[in-house]
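Asker: Structure incoming, see below.
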Amino acid sequence: MNLILHVWRQKNADAPGRMVRYEARDINPHMSFLEMLDVVNQGLIDKGEEPIAYDHDCHEGICGMCGFMINGVAHGPERGTTVCQLHMRHFKDGDELYLEPWRSRAFPVIKDLAVDRSAFDRIIAAGGYISVRTGNAPEAGSILVPKEKAELSMDAAACIGCGACVAMCPNGSAALFTGAKISHLGLLPQGQPERDRRAIAMVVQMTKEGFGHCTNVGECEAVCPKRIKIEVIARMHRDYLRAALVGD
Amino acid sequence: MSESLRNDGRIWVPKRKGDTRAPGEIPVDERDYFLERKYPAFGNLVPRDVASRNAKAVCDEGRGVGPSGYGVYLDFRSALQRLGRAVIDERYGNLFEMYADITGEDPYTAPMRIYPASHYTMGGLWVDYNLMSTVPGLYVIGEANFSDHGANRLGASALMQGLADGYFILPNTIGDYLATTQFEKIETTHAAFRSVEAEVAANTRRLLEIQGTRSVDSFHRELGKLVWEHCGMGRTAEGLKQALAKIPELREQYWKDVRVLGDGDEFNQSLEKAGRVGDFFELAELMCRDALERNESCGGHFREECQTPEGEALRNDAEYSYVSAWEFRGAGNAPALNKEPLEFEYVHPSQRSYK
Ligand code: SF4
Ligand code: FES
């Protein structure tokens, strides 16, 4: 199949960017979107043009490195899918696609489709951990976790930190991401000692990084490749409020 | 796909060569559940090296499935009947979804098609019991070090080692190192820093100045094919020698003809990849050298010359019961082999049998 791509090319954070038109020819429909881009890049290298920069790593939908907008939708048209797991069979021969980087004040463009998501790291560093001393192996089962809580926590832990939620949100809010991390730890007994401190520290950091505020639009949930539920945002607000009012 | 799927999936190929019927149309008595047939005690749960080798063997015989012939079926039909869809969903939902995404086929109705790939490096960087490498103060943790691996990688071993190293060992050993070592303040004007900086800069310049005709990826792919062919699931002395002759040639070509565009002062993924692929030549060569030196079959290392009459891996404990610690002696020099004997006090190695 053949496609027309319009790709955002931007040399670095300070240079102005623009859309450039490319043709992707003889694409095998079983290829992933990234494999298709590799074909385009190989053609560019052959012509002596710099290849399109984009982030990626595992190609299995589990690491959170990949991601860009395809026709205005984060990670493209398939639900619950990262671009590395999006396959060309979902497109039609002759389709015209517009590829752009995540756009958010807190995610400056590094080059082309690659953006700097270190703001997420700083949110995690602010409180996304537990600091119990590990010592020797504790006996499994000495801390009981109700199955329902374990499942909810596990669902939240599925967040891979890709940033699609921010990119799709009209407010550029990181509430889904931060809510997922706060839920993941706050639902487990091991996460209780620091629960109040964590909620406040992570929410404060999120605001400092320049992410917008959540107004319950719900676009984040719709594009999240890990199908994180918007409930995590409610949980984050609840934890924050509780900590602010009665926390230590 | 994840190895955990073998807990409930059954692996099979058609009995007859060139049988192109859809899997659902092949009656049960015309299927060969080859792992269950050959290893009745362990069935589909034999270790990964045994499972991989047998899958490769049936495909080499011409009984592989799918358009390429490189595939065997991983079938959940009986598990779905026995346990119901809800249980299978709970256990493997994410993996089934991943499979459906990649292939566009529904694994709930048609069996998955899988093919093994080699897990090339069973080892990693040498470390001592505290996980410190030969460079003082440089600790190597998780799968990157060699310490917890035998001749096979096992399911979830990456996770296990990451947790064990990070949870139980490092909190004690790194703290001890930091507390008991005197550190002098080192500036970036230090001679060692200067020389490494110059070396890195020269290497970067060199890669950018080659301005050859072939992309980094094309070399990467060619190297991968070479290693896949000669140092893959089955190896022979002859094949390994061929690889050892071809890798240096390819490396030489690389440093003459690779095309890395852009510059070295900003984000440049091609340049980054070029540095890595440059290193892969060394690693590939070392793997082949090590595989050639180890004149026995052991775990994932299957030397075709060394097998039992039934085609199982044949070890030679008398001569090879050691870890090969290869010492880097500078680029372009052959590495030196240090043998670290394996001593078994309580459990002694024996010929494996999964019959
Ligand atoms: S919540 Fe979803 S969209 Fe947002 S970072 Fe996590 S995985 Fe990506
Ligand atoms: S490359 Fe890892 S999630 Fe896409």
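Asker: For segment A:159-190, enumerate the residues that are of a type in the set (A, V, I, L, M), open to solvent by 20 Å² or more (accessible area, probe 1.4 Å) and near ligand 1 (Cβ under 6 Å from one of its atoms).
Answerer: Scanning segment A:159-190 gives a single hit, A:160.
Asker: Can you work out which of the residues in segment A:69-96 that are in contact with a strand residue (DSSP E or B) (Cβ under 6 Å, 6 or more places away or on another chain) and within 14 Å of chain B (Cβ to nearest Cβ) is surrounded by the fewest Cβ atoms within 10 Å (Cβ to Cβ)?
Answerer: Only one residue fits best here, namely A:87.
Asker: With more than 10 Å from ligand 1 (Cβ to nearest atom), within 14 Å of chain B (Cβ to nearest Cβ) and under 26 Å from residue B:94 (Cβ atoms) as the only criterion, which of A:236, A:154 stands out?
Answerer: Step by step, each of A:236, A:154 is checked, and only A:154 is more than 10 Å from ligand 1 (Cβ to nearest atom), within 14 Å of chain B (Cβ to nearest Cβ) and under 26 Å from residue B:94 (Cβ atoms).
Asker: Since residue A:226 meets every condition but one in (1) more than 14 Å from ligand 1 (Cβ to nearest atom); (2) within 14 Å of chain B (Cβ to nearest Cβ); (3) modelled with pLDDT of 95 or more, which condition does it not meet?
Answerer: The single condition residue A:226 does not satisfy is (1).
Asker: For segment B:104-121, what are the residues that are at pLDDT below 90, within 14 Å of chain A (Cβ to nearest Cβ) and out of contact with any His (no Cβ under 7 Å at 6 or more places or on another chain)?
Answerer: Residue satisfying the conditions is B:117 alone.
Asker: State which residue is farthest from residue B:264 (Cα to Cα) when the search covers only segment A:2-53 and only residues that are open to solvent by 10 Å² or more (accessible area, probe 1.4 Å) and among the aromatic types (Phe, Trp, Tyr).
Answerer: Taking the candidates together, the pick is A:22.
Asker: While we're here: Please pick out the residue among B:342, B:261, B:250 that is out of contact with any Asp or Glu (no Cβ under 7 Å at 6 or more places or on another chain) and of a type in the set (A, V, I, L, M).
Answerer: Only one candidate passes the filter, namely B:342.
Asker: Residue pairs, Cβ under 8 Å, 6 or more apart or interchain, first in segment A:159-170 and assigned to a loop (DSSP other than H, G, I, E, B), second near ligand 1 (Cβ under 6 Å from one of its atoms) and among the charged types (D, E, K, R). List them.
Answerer: Qualifying pairs under 8 Å: A:159/A:226; A:160/A:226.
Asker: Give the number of residues within segment B:143-158 that are assigned to a helix (DSSP H, G or I) and at pLDDT 85 or above.
Answerer: Of the residues in segment B:143-158, 2 are assigned to a helix (DSSP H, G or I) and at pLDDT 85 or above.
Asker: Right, another one. Are any of the residues in segment B:320-337 more than 26 Å from residue B:134 (Cα to Cα) and either of a type in the set (Asp, Glu) or modelled with pLDDT under 95 (or both)?
Answerer: No, that holds for no residue.
Asker: Examine segment B:83-94 for a residue that is within 26 Å of residue A:28 (Cβ to Cβ) and either out of contact with any helix residue (DSSP H, G or I) (no Cβ under 9 Å at 6 or more places or on another chain) or more than 14 Å from chain A (Cβ to nearest Cβ) (or both), and state whether such a residue exists.
Answerer: yes
Asker: Still on this model: Exactly one of (1) open to solvent by 10 Å² or more (accessible area, probe 1.4 Å); (2) in contact with a Ser or Thr (Cβ under 8 Å, 6 or more places away or on another chain); (3) of a type outside the set (D, E, K, R); (4) at the interface with another protein chain (Cβ under 9 Å from one of its Cβ atoms) is unmet by residue A:59. Its number?
Answerer: It fails just one condition, (4).
Asker: When only residues in segment B:4-38 that are within 16 Å of residue B:79 (Cα to Cα) and part of a helix (DSSP H, G or I) count, which is least open to solvent (accessible area, probe 1.4 Å)?
Answerer: Across segment B:4-38, the extreme among qualifying residues is B:5.
Asker: Can you find a residue that is within 14 Å of another protein chain (Cβ to nearest Cβ) and either out of contact with any helix residue (DSSP H, G or I) (no Cβ under 9 Å at 6 or more places or on another chain) or within 16 Å of ligand 2 (Cβ to nearest atom) (or both) anywhere in segment A:117-130?
Answerer: yes
Asker: For segment B:245-277, which positions are in contact with a helix residue (DSSP H, G or I) (Cβ under 9 Å, 6 or more places away or on another chain), open to solvent by 40 Å² or more (accessible area, probe 1.4 Å) and within 9 Å of chain A (Cβ to nearest Cβ)?
Answerer: Passing the criteria: only B:259.
Asker: Could I ask something else about it? Of all the residues that make up segment B:61-113, how many are of a type in the set (D, E, K, R), open to solvent by less than 40 Å² (accessible area, probe 1.4 Å) and more than 18 Å from residue A:81 (Cβ to Cβ)?
Answerer: 2
Asker: For segment A:42-52, which residues satisfy the criterion of being within 26 Å of residue A:78 (Cβ to Cβ) and within 8 Å of another protein chain (Cβ to nearest Cβ)?
Answerer: Within segment A:42-52, A:42, A:51 qualify.
Asker: Of the conditions (1) away from ligand 2 (no atom under 16 Å from the Cβ); (2) part of a helix (DSSP H, G or I), residue A:193 fails just one. Which one is it?
Answerer: Looking at each condition in turn, residue A:193 falls short on (2).
The values are calculated or read from the model by the stated rules, or taken from the named source; none is laboratory data. The shown structure was predicted, so the numbers you read here are calculated from the model rather than taken from an experiment. Note that each Cβ is placed from the backbone with ideal geometry, even for glycine, and that neighbours are counted across all protein chains shown. Ligands, DNA and RNA are excluded from the accessible area calculation, which covers all protein heavy atoms including side chains. Shrake-Rupley method; radii C 1.70, N 1.55, O 1.52, S 1.80 Å.
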